[in-house]
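Participant: Can you keep this structure in mind? I'll have questions shortly.
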Amino acid sequence: GILVISDSFYPGWKATIDNQKTEIYPANINSKAITVPQGTHEINLEYSPESFKAGAAITVLSHLILFFLLFNKSKFKVRQNFPA
């Protein structure tokens, strides 16, 4: 059979049937569907987009740079008197 899920079809979704990876297909314009063999199965859906991982890495790197600049003030001094 075909299981149609009324959730947006968007990159980053992963599906497994009985711990075996399965393909996710677009359905009904804005939904997603997976084919399910006959019988009783455990179906898992997981949303893990690459854009979130990239954003998290950029955020961590930005915070490390910020903390480095804040706690190493002796190497980065601002001149008080500028020449006229």
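The values are calculated or read from the model by the stated rules, or taken from the named source; none is laboratory data. Everything numeric here is computed off the predicted structure, so don't read it as measured data. Methodologically, a virtual Cβ is constructed for each residue, glycine included, from the backbone with ideal geometry; neighbour enumeration extends over all protein chains shown. With ligands, DNA and RNA removed, areas are computed over all heavy atoms of the protein, side chains included. Shrake-Rupley method; radii C 1.70, N 1.55, O 1.52, S 1.80 Å.
Participant: Could you check how much of the accessible area of the chain is carbon and sulfur, as a whole percent, using a 1.4 Å probe?
Facilitator: Accessible surface attributable to carbon and sulfur in the chain totals 61 percent.
Participant: I would also like to ask the following. Could you tell me how many degrees, from 0 to 90 and to the nearest 10, lie between the Cα long axis of helix 50-71 and the main elongation axis, the longest principal axis, of the Cα atoms of the chain?
Facilitator: Approximately 20 degrees, to the nearest ten.
Participant: Write down the Å³ per residue value for the convex hull defined by the alpha carbon atoms of the chain. Each step should come with its number before you reach the end.
Facilitator: On the way: hull volume 13.4 nm³, N = 84.
Measuring per residue, one finds 159 Å³ for the Cα hull of the chain.
Participant: While we're looking at this one, here's another question. May I ask which residue of Asn28, Pro11, Phe52 lies farthest towards the positive end of the charge dipole of the chain, with charges of +1 (Lys, Arg) and -1 (Asp, Glu) on Cβ and the Cα centre as origin?
Facilitator: Comparing the listed Cα positions along the dipole, Phe52 ranks first.
Participant: Another question, if that's okay. Probe of 1.4 angstrom, ligands and nucleic acids ignored: what's the accessible area per residue over the chain, in square angstrom?
Facilitator: Values: 7240 Å² over 84 residues.
Spelled out: the 1.4 Å probe surface of the chain, per residue, equals 86 Å².
Participant: Let me ask something else about it. Each label point is 7 Å from the Cα along the Cα-to-Cβ direction; what then is the distance between the points at Ser62 and Ile2, in nm?
Facilitator: Spacing of the two 7 Å Cα→Cβ label points: 4.2 nm.
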